[in-house]
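Below: one structure, written as structure tokens.
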Amino acid sequence: MDEFFMNLAIEEAKKAENIGEVPIGAVIVKNNQVIASAYNLRETTQNAVTHAELIAIEKACKEIGSWRLEDTTLYVTLEPCPMCSGAILLSRVKRVVYGAFDPKAGCAGTLMNLLEDSRFNHQCEVVPGVLEEKCGTMLTEFFRNLRQRKKEQKKQKMDESGC
């Protein structure tokens, strides 16, 4: 079942990629039903807090009419960052399933594990690495293509200026 819902999160990530966003997608599930889905919009909105997880949490809260997302599972293609991990804890998500590990900002086991830290009054069950290769490859290819485009743009500017 985790792979089924992670594939839905991957579909959300593809929506982000199609508009030039970092391909990260999230879905929130309650009673085996998707109650919210979202994808990264940080570049589009130029707003640091428009991560897929935060948008999905906001939609899920509206959907169920409560800030408490108890008995829900959040599926996300990339390990949550500190900001998203905080929102996940504060909204009482029960379970977090993620795909790719994030060595730069991962706070669900890589750099630290905020989600299972017993010092908080709520902890989440964390299931890492579901469809990890598929999620990771999407991100790797996105950034490889982005670097290539930037390199080509730089070369074009240099050619136009005669340097």
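Nothing in this text is a laboratory measurement; each read-out follows from the coordinates by a stated rule. What you see is a predicted model; the values in this text were computed from it and never measured. Please note: Cβ atoms are built from the backbone with ideal geometry, for glycine as well, and neighbour counts cover all protein chains shown.
Observations, loosely collected:
- Counting only Cβ charges, +1 for Lys and Arg and -1 for Asp and Glu, the dipole size of the chain around its Cα centre is about 500 debye.
- Long-range amide H partners of ILE35 with built H, under 5 Å: ILE28, VAL29, LYS30
- Residue among CYS84, CYS124, CYS61 with the largest mean-square fluctuation in a Gaussian network model of the chain, springs linking Cα atoms under 10 Å: CYS61
- If the convex hull is drawn through the Cα atoms of the chain, its volume per residue in Å³: 113 Å³
- Candidates per GluC sites (Glu not before Pro) in segment 22-107, loop by DSSP, up to 14 other Cβ within 10 Å: GLU70
- Between ASP117 and ARG144, the C-beta separation translates, for a Förster distance of 30 Å, into a calculated FRET efficiency of about 0.30.
- Under 5 Å between amide hydrogens, built in the peptide plane, is the criterion, and for LEU69 it picks out ARG92, VAL93 among residues at least 5 positions away or on other chains.
- Formal net charge of residues neighbouring GLU132 (Cβ-Cβ distance under 13 Å; K, R +1; D, E -1): -4
- Whole-number percent relative contact order across segment 1-94, with pairs defined as alpha carbons under 8 Å at least 6 apart: 26 percent
- Cα-projected label distance for ASN32 with GLU133, points at 7 Å along beta-carbon direction, nm: 2.8 nm
- Normalised by 2.2 N^0.38 Å, where N is the number of residues, the alpha-carbon radius of gyration of segment 88-163 equals 1.69.
- Dipole of the chain, positive end: most advanced residue of PRO128, ILE55, TRP67 [Cβ charges, Cα centre]: ILE55
- Between LYS151 and THR110, the C-beta separation translates, for a Förster distance of 35 Å, into a calculated FRET efficiency of about 0.75.
- The trypsin sites (Lys or Arg not before Pro) found in segment 58-163 that occupy coil by DSSP, while having at most 14 further C-beta atoms within 10 Å, are ARG68, LYS104, ARG119.
- The relative contact order of the chain comes to 18 percent, based on Cα pairs under 8 Å that sit 6 or more residues apart.
- Using equal-weight Cα scatterers in the Debye expression, the normalised intensity of segment 72-123 in log10 at q = 0.18, 0.25, 0.31 Å⁻¹ is -0.47, -0.92, -1.34.
- Comparing mean-square fluctuations of GLU21, GLU141, GLU116 from a GNM of the chain with C-alpha springs under 10 Å, the top value falls on GLU141.
- Average 1/r across all pairs of distinct alpha carbons in segment 1-45, invert it, and you get the Kirkwood radius: 10.6 Å.
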